[in-house]
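**Q** Below are the structure tokens for one structure; questions will follow.
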Amino acid sequence: MKFLKNILAFVIPLCAMLITFTLYLFTQNTVDKYKKKIANDYSIVIVTNTPLIKEKLNEIARMKVKKITTLKKEKIIDDIKSNLSNTSIELLRQKLPYFYKVHLENFPTTTQLNNIKDELYKNKNIRNVEIFSKNHNQIYLLLLLINEISFILFIVILIFSVLILAKQIQIWFYEHQEKIAILQLHGASILYSSSTIIKYAILSSFLAFFIVSGVFSFLVTNLTMVFPVELNDIVDVEMSLSKELLKLFFLSFGISILTIFGVLIKYKLKND
């Protein structure tokens with residue numbers, strides 16, 4: 001019973017930390033997928049007086065340009081020519097400016113969009129710039145906010161979890177101090193003397209990892225239980241299970257090992 005109590009005292013805070021980390025992974029993955037989606041769908045329309053030299057426009061306000069496509073004048077004229085005479089159509093062909101769609105490699109923030117607009121307007125050949133950002137920005141900023149909140153929550157719980165884990169390891173040291181003292185009197189190293197405590201921590205890390213990875217694997221394969229079906233219309237929510245489980249594994253054991261060695265060093269300095 002005492003063994004189970006000791007293990008649970010370590011497993012519970014570790015599980016809480018790993019669960020908040022999985023929430024952060026979910027939101028980060030969703031934001032990244034949405035960024036890629038809107039980067040592919042999004043474009044800036046620019047209107048110029050004379051033909052644009054596309055090769056010279058590789059970067060705008062430190063944002064890399066993916067491609068520039070020309071909007072054909074004939075297509076624009078075809079949409080409105082039913083209400084125009086032949087003379088008007090011919091005149092329109094002569095007077096109509098040049099239209100281009102600029103695709104960026106990454107979706108810019110509101111500040112970056114304003115910088116892009118300002119830089120483009122410095123070119124006297126450019127008559128107008130349309131950025132069409134309002135709807136995308138609203139969703140993107142909301143996702144970013146959720147992502148930041150989940151990250152802050154993870155950091156807060158990480159700090160509290162490390163403090164609780166360190167306290168639990170100190171309790172284990174107190175419970176085994178007689179055994180540790182006897183082994184050290186016989187020349188055993190601090191690592192060998194505290195091997196029981198290290199085994200407790202490693203076993204607890206395994207249990208926490210398997211519990212959280214089991215829940216995580218179930219949720220990843222049943223994402224509709226976490227996210228509404230309608231979300232798929234906005235962004236394709238998919239996660240690489242093996243990659244994310246590897247992150248959980250390293251976090252679970254990394255935090256445990258670092259906490260153990262931190263307490264070990266403190267114990268050794270105190271008792272030397």
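Laboratory data are not the source of any read-out in this text; all were calculated from the coordinates shown. Note that the coordinates shown come from a computational prediction; the quantities given were computed from them, not determined experimentally. For neighbour counting, all protein chains shown are included, and Cβ atoms are generated from backbone atoms with ideal geometry for every residue, glycine included.
**Q** Quick one: net charge around P108, please, counting Lys, Arg +1 and Asp, Glu -1 for every other residue with C-beta under 11 Å from its C-beta.
**A** Numbers: positive: K35, R62, K64, K117; negative: E105.
Around P108, the charge tally is +3.
**Q** Take peptides 197-210, 51-64 and line them up by average Cβ neighbours within 10 Å, highest first, as a rough protection proxy.
**A** Top to bottom by mean Cβ count within 10 Å: 197-210, 51-64.
**Q** In addition: Once amide H atoms are built 1.01 Å from N in the peptide plane, which residues 5 or more positions from F107, or in another chain, come under 5 Å H to H?
**A** Long-range HN contacts for F107: A39.
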